[in-house]
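Let me begin by presenting the structure, written as structure tokens, before commenting on it.
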Amino acid sequence: MKISKVRDLTLISLDESKTMVVACDSCGSIGMKEGDALKVPHYYVGKLTVRVPLMEVMCAGAEVVTITDAVCNEMEPTGSEIIRGIKEELKLAGIGDIALTGSTEENFKSISTGLGVTVIGIAENKNLKVNAISENCKIISLGIPKVGAEIGLDKDLDIVNYDDLKKLLSLDGVYEIVPVGSKGIHYEALQLAKNNNMKFVLNEEIKIDIHKTAGPSTVVIAAVKNEILNKIQNDEKVSVIGELNKV
């Protein structure tokens, strides 16, 4: 059994045709408890925390099969609200019949909110979008980087959503898709180039902040063939941030 680490993903080869894809994320001091630094209803803590590893696994071309939630607080009322948020995010992603399991802290009183989430998916190797770039291509970003209170909790039209992601996944000529994390768009583009042994050339005319944190994966970047741009460039959330060239 071959196990490898690529970006924030763990890839476990199951056989000649399938790979297990594992991603995780954590959230601390965000919630409604007295010690929380950012006051946000626990429902949204669940939604936005699971979103990160969920996007990572889906971007890799894998089908989500199970999720674990490690709630570092009591089940009632904190845990149940966090889990309700997780289930709502799964619904938005079109994910229904999967195993959702986890644990809560019932022995000690907590004064701040803590949550860890692990998402596990299975990908057909032919559909795996990891280190899959074979030729020169454009790098686009989809979404606007936002973090914390900048994010519209109920509906934010500027951030990448699951319909956006599924559209990218469905297009021939999309080599790889990467959710952007706390280090920003530019960092993720450089990592994408490094992992594929290519050189990233920045588009100097880009108007969005490529160094700002994207919080809970409010942005993804994608390596695409030139002809794909014609199908998606009319989307206001899409920016061409540069290109990858063979070294």
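The values are calculated or read from the model by the stated rules, or taken from the named source; none is laboratory data. It should be emphasised that the depicted structure is a prediction, and the values quoted were computed from it without experimental measurement. All Cβ positions, glycine included, derive from the backbone under ideal geometry; neighbour counts span all protein chains shown. SASA here: full protein model, heavy atoms, side chains in, ligands and nucleic acids out. Shrake-Rupley method; radii C 1.70, N 1.55, O 1.52, S 1.80 Å.
Tabulated data
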{"read-out": "Residues ASP209 and LYS39, FRET efficiency given R0 of 22 Å [Cβ-Cβ distance, rounded to 0.05]", "value": "0.30"}
{"read-out": "DSSP-defined antiparallel bridges as percent of all bridges, the chain, nearest 5", "value": "85 percent"}
{"read-out": "Per residue accessible area in Å² of the chain, where ligands, DNA and RNA are left out and the probe is 1.4 Å", "value": "50 Å²"}
{"read-out": "Relative packing of peptides 97-106, 77-86 - highest average C-beta neighbours within 10 Å first", "value": "77-86, 97-106"}
{"read-out": "Sum of -39500 (n - 2.57) over DSSP H runs of 4+, divided by residues of the chain (222 nm, nearest 500)", "value": "-7000 deg cm²/dmol"}
{"read-out": "With DNA, RNA and ligands ignored, accessible area of LYS246 (1.4 Å probe; Å², nearest 10)", "value": "130 Å²"}
{"read-out": "Span-rule helices in the chain, defined as complete DSSP H runs reaching 20 Å or more along the axis (Cα) with Kyte mean at least -0.5", "value": "42-59"}
{"read-out": "Relative packing of 206-212, 236-242, 139-145, which averages over residues the other C-beta atoms within 10 Å, highest first", "value": "139-145, 236-242, 206-212"}
{"read-out": "Option label - mean projected area of the Cα convex hull in nm² computed here, alternatives (1) 11.5; (2) 13.6; (3) 16.5", "value": "(2)"}
{"read-out": "TYR175 accessible area, assembled protein chains, probe 1.4 Å, Å²", "value": "30 Å²"}
{"read-out": "Carbon and sulfur %, accessible surface of segment 58-169 computed with the full protein complex present, 1.4 Å", "value": "51 percent"}
{"read-out": "Contact order relative to length of the chain, as percent, for alpha carbon pairs under 8 angstrom and 6 or more apart", "value": "22 percent"}
{"read-out": "Estimated dipole of the chain in Debye, rounded to 20 [Cβ of Lys and Arg +1, of Asp and Glu -1, Cα centre]", "value": "560 debye"}
{"read-out": "THR118 - accessible surface, heavy atoms, 1.4 Å probe, Å² rounded to 10", "value": "40 Å²"}
